[in-house]
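Right, one structure below, let's go through it.
Taken together, the values in this text are just the output of simple stated rules run on the coordinates, not laboratory data. Predicted, not measured: the structure shown is a model, and the values here were computed from it. With ideal geometry, Cβ positions are generated from the backbone for all residues, glycine too; neighbour counts draw on all protein chains shown.
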Amino acid sequence: MSRYTYLRDPAAIYERSFALIREEADLARFPAEMHPLASRLAHAAGDISILDDLAWSENAVAQGKRALTSGAPILVDSTMVASGIIAGRLPAGNKILCTLNDPRTADVARELGTTRSAAAVELWRQDLAGAVVAIGNAPTALFHLLELLADGAPRPALVLGFPVGFDGAAEAKAVLAAFGDGLPYVVLTGRRGGSALAAAAVNALAGEARR
């Protein structure tokens with residue numbers, strides 16, 4: 001059997017990967033509390049250049065860690081984000097809630113004249129207060145969340161904005177970054193994003209919250 005030369009030990013692969021990120025990514029440009037999250041995002045993307053587009057509000061990481069430690073739910077816009085979150089690392093057995101496939105979602109989408117992803121956010125109302133929100137797929141989900149908040153819905157502890165796409169993703173994330181009013185956020189500006197990045201952001205916060 002042919003044998004190639006490569007690392008086979010999982011721990012060694014993990015350690016080497018993050019050593020390369022630290023070596024190549026110029027993490028010194030970020031506050032110290034952002035380093036684990038930035039590293040995890042670069043690792044998930046296999047691309048340190050995404051860090052050029054990373055933006056955040058003051059104390060966003062601290063807010064997210066505090067929420068997870070206190071048992072706050074994690075609200076996600078897709079089953080892919082939910083699947084990517086490592087439940088065993090959550091510091092308080094936090095509930096992960098995805099309402100995309102809730103039986104009510106299709107009816108709400110028809111009533112509101114919007115996407116199922118945005119309609120699923122409508123079903124978050126009773127869980128929003130103090131939650132960690134991770135959006136990694138649909139720009140319409142992020143837009144509708146911000147509409148709810150602008151209309152006085154309960155505030156989450158942190159919004160992780162990583163929707164991806166050519167239509168609406170950059171725009172939705174720009175609205176999140178400009179929303180103000182003390183809403184904590186971490187966002188990857190521009191078109192890039194995705195479920196893996198949203199899940200990676202939650203995993204980074206969870207890992208730090210357990211320390």
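Residue farthest toward the positive end of the dipole of segment 64-211, with Cβ of Lys/Arg at +1 and Asp/Glu at -1: which of W124, N203, L158?
It is N203, whose Cα lies furthest towards the positive end.
Kindly provide the Kirkwood hydrodynamic radius of the chain in Å, to one decimal, from all pairs of distinct alpha carbon atoms.
Values: mean 1/r = 0.0573 Å⁻¹.
Final number for the Kirkwood radius of the chain is 17.4 Å.
Once every DSSP H run of n ≥ 4 in the chain is given -39500 (n - 2.57) and the sum is divided by its residues, what mean residue ellipticity at 222 nm do you get, rounded to the nearest 500 deg cm²/dmol?
Theoretical 222 nm ellipticity from helices: -13500 deg cm²/dmol.
If you place +1 on the Cβ of every Lys and Arg and -1 on the Cβ of every Asp and Glu, how big does the dipole about the Cα centre of the chain come out, in debye to the nearest 20? Mind dumping the intermediate values first?
On the way: 20 positive and 22 negative charges, 143 e Å.
Dipole about the Cα centre, nearest 20: 680 debye.
Which of K95, K173, K65 comes first, and how do the rest follow, when ranked by fewest Cβ neighbours within 10 Å?
Ascending Cβ contact count within 10 Å gives the list K95, K65, K173.
Please state the relative contact order of segment 50-209 as a whole percent: Cα pairs under 8 Å, 6+ residues apart?
RCO, segment 50-209: 31 percent.
Just tell me the longest site-free run in the chain, where the sites are chymotrypsin sites (Phe, Trp or Tyr not before Pro) in a DSSP loop having at most 13 other beta-carbon atoms within 10 Å.
Between the exposed loop sites, the longest stretch runs 7-165.
Compute the acute angle (0 to 90°) between the alpha-carbon long axis of helix 139-150 and the principal axis of greatest extent of the alpha-carbon atoms of the chain; round to the nearest 10°.
60
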